[in-house]
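Contents: one structure, followed by commentary.
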């Protein structure tokens, strides 16, 4: 998980640079979409990196399901918004809300894993 988080962090930095230099030069909406996608991409990447560092301390299947949902959420939420900024449309209707829901649910599951681990060290 730590390596995956680090990869996602590097991708967020690279895509942030792309957005700063090549996206929406004359289109404020596209630039704002890109910045939103990049913000949540980076936040989730750092969170996954941290979860990887504490992986052994997290408990049960919640950690794997949670981090899997967060990963899916990054792809669906941030990915669809990146595409919308570039093309003007999402890959499929509801992809961003579905991705956002996966992020929320995933982080809740990671929280459950952490709470369970704290109660049963």
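Would you kindly state how much longer the chain becomes between residue 29 and residue 17 on full extension, computed as 0.36 nm times their sequence separation minus their alpha carbon distance, in nm to one decimal?
Working: separation 12, 0.36 × 12 = 4.32 nm, distance 1.72 nm.
Contour length minus Cα-Cα distance gives 2.6 nm.
Across bins of 10 angstrom width beginning at 0, how are the C-alpha pair distances of the chain distributed, in whole percent?
15, 41, 28, 12, 3, 0
Report the residue, chosen from 20, 56, 111, that carries the largest GNM mean-square fluctuation when the chain is represented by alpha-carbon nodes joined by springs under 10 Å.
56
In bins 5 Å wide, starting from 0, what share of all Cα pairs of region 1-56 does each bin hold, as a percent?
5, 23, 24, 18, 13, 9, 6, 3, 1, 0
Report the residue, chosen from 92, 77, 49, that carries the largest GNM mean-square fluctuation when the chain is represented by alpha-carbon nodes joined by springs under 10 Å.
Residue with maximal mean-square fluctuation among 92, 77, 49: 92.
Quote to one decimal, in nm, the extra length available between residue 50 and residue 111 on full extension: 0.36 nm per residue of separation minus the C-alpha distance between them. Show your work: numbers first, answer last.
Values: separation 61, 0.36 × 61 = 21.96 nm, distance 1.25 nm.
Contour length minus Cα-Cα distance gives 20.7 nm.
For n ≥ 4 DSSP H runs only, could you compute -39500 (n - 2.57) per run for the chain, divide by its residues and tell me the 222 nm figure to the nearest 500? Spell out each step's value before the answer.
On the way: 5 runs with 95 residues, N = 121.
Taken over the chain, the calculation gives -27000 deg cm²/dmol.
Using only the Cα atoms, what convex hull volume per residue in Å³ does region 69-121 have? Working shown, then result.
Details: hull volume 2.7 nm³, N = 53.
Value for region 69-121: 52 Å³ per residue.
Throughout, read-outs are computed from the coordinates displayed, never taken from laboratory work. Computed from a prediction, not measured in an experiment: that's the story for all the values here.
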